[in-house]
Amino acid sequence: MTRTFGLLLAGVALSQLPFLGSCLSAAPTGSSLNGTFIGVHNSYYGVDTFLGIPYAQPPLSSLRYRAPQPSNSSWSGAKNATTFGDQCVGYGSDTETTDVPVSENCLVLNIVRPSGFENTSLPVGIWIHGGNYQQGSSADPRYNLTFMVQSSVEAGNPIIAIGINYRLHTWGFLFSQEIKDAKIGNLGLRDQRAAILWVNENIAGFGGDPNKVTIWGESSYVKALFGAGSVGAHLVAYNGSHGGLFRAAIAESGSPISWSRYAPISEHQSLYDNITIATGCSNATDTLDCLRYLPFETLNNVLNSSVTSDDLQYPVIDEDFILQDPTTQLLNGQFAKVPFLIGANFDEGASFTPTTINTDEEFVAYLESDGISSDNSTLAILQALYPDIPEIGIPATFHGRPGTDLGLQFKRAASVIGDILMHAPRRYTNQMWAAHNVTSYSYRFNVVPNGDSYSLGASHFKEVAFVMYNIDGVGYVQKGGADPFANKPDSYKDLAYMMTRMWSSFIYNLDPNDSGGM
């Protein structure tokens, strides 16, 4: 069963504060199998936060390039969980503009629970940040979970929200024959799975229900695998076997499947070999073990260089965590059969289309070079289905034909890319859920926030501030952007109010349409 709801322009400004607010009182506690944590109470928002909680051993030295290992420390008394743990090593503005240190010792999570619910069993949402598997962290202020939690209480559907870190780039997504043989492909995804397992084993000590966990993420776009990438990966991991670790899923801007080819292991092997050469490990008896024991600075300097510029740091079919092509898995019903809320933004394609397409020949060449198709009959069909008529291209907020700054056929190319990358996989996913009698919901977001050009429309990532109820735009200026709600009508705030309640309602009772009144 698939249910669809539209999200149209409805709102004004959103508001959000840092996790650690100025109104503090008695320190809250939460218990895990390892020991007790002390958090911070924010009386203004009515939440307790626990930051920087390790969910696995630090992946250092002999544990670098190994599957995450359960935390083996224990203590008496209580340990502070009042500051963010380090970000995982990544390369990009999302990491660089977050005022939190970066290191390999980064496998931590942050918990936000409503105050006064510590002795209950609340549903739990686990937020998995995007960033193309290259960058980002749960400490990004744009991902402040406080406001959704507060809103869920006001709606009568209280939830606990958790953000997690995981290894990124070639620290978490390096692949080769050596890595395949060691069964440690997709380490970043394995980190996420370990965090989900930690929640399952420990969240009861914080007032959560381990049987009511929803995994939830946005983007981690890569052209070769998984949109809303991580969530999609967990739905098809181990051929859909998930051991009851989660009961539902939310994917913003993506699906479990991909439109593009998977790079053969030979391409990944070339990257791995180049890294071992650049680090001086190529002649080692065990090159993987050599990489494990390199000084951090030595390995980091190589991974953050042109050596890794071939853009192969993403999830792969490793025949262990991901066993086969996810499209085939969905067709055969080999996926986690849990309720699914999935959708995308109206003008997603505008975020991923080059600004160099001016002619029919360049349009076709782009489709070929980006791996969409090299078959002449398929290319002819795509040209017919997506004619060079700007009035029917996207974004619809950009009227007329673009100039050469965007590309004369930008709207045409953006239309086909958005459909192939996001909308068609979303539709297919809903169809497969329905075919296997599993409930799914679908949404489409169509709002242009402040600071975004109408030439790009409601493009990628634009829904995040609305879902998070970040109506003060916390973190956006820090990240080089603009407050999404500044100078906008009250309907923007209304829309954010509705969306955050729909998401929390789905986490609470698996129905986004039972959100306590909107």
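Key figures
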| item | result |
| --- | --- |
| Average silhouette area of region 88-220, convex hull of alpha-carbon atoms, in square nanometres | 8.6 |
| Rough spin-label spacing in nm, given labels placed 7 Å along Cα→Cβ, for residue 63 and residue 389 | 5.9 |
| Residue order, fewest to most surrounding Cβ atoms within 10 angstrom, among 338, 108 | 338, 108 |
| Estimated dipole of region 224-335 in Debye, rounded to 20 [Cβ of Lys and Arg +1, of Asp and Glu -1, Cα centre] | 340 |
| Cα-Cα P(r), region 366-496, percent of pairs per 5 Å interval | 2, 9, 15, 16, 15, 16, 14, 8, 4, 1 |
| Mean ellipticity per residue at 222 nm, deg cm²/dmol - from DSSP H runs of n ≥ 4 across the chain, formula -39500 (n - 2.57) | -8000 deg cm²/dmol |
| Leading residue at positive end of dipole, the chain (Cβ point charges), from 92, 251, 425 | 251 |
| Per-pair calculated FRET efficiency, R0 = 22 Å: residue 293 and residue 177 via Cβ, rounded to 0.05 | 0.60 |
| The chain - charge dipole about Cα centre, Lys and Arg +1 at Cβ, Asp and Glu -1, debye rounded to 20 | 1200 |
| Largest-first principal axis extents, alpha carbons of region 463-518, Å | 36, 22, 12 |
| Which of 389, 60, 109, positive extreme of dipole for the chain (C-beta unit charges) | 109 |
| Residue (of 496, 324, 130) at the positive-pole extreme of the chain, dipole from beta-carbon charges | 496 |
| Which of 212, 180 has the fewest Cβ neighbours within 10 Å, and the rest in rising order | 180, 212 |
| Amide H contacts of residue 122 (H built 1.01 Å from N, under 5 Å, at least 5 apart or other chain) | 208, 209 |
| Residues 197, 421, 33 arranged by fewest to most Cβ contacts within 10 Å | 33, 197, 421 |
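FYI, it's all coordinate maths here, none of it is from the lab. All of these numbers come straight from a predicted model, not from anything done at the bench. Note that we place each Cβ from the backbone using ideal geometry, even for glycine, and neighbour counts take in every protein chain shown.
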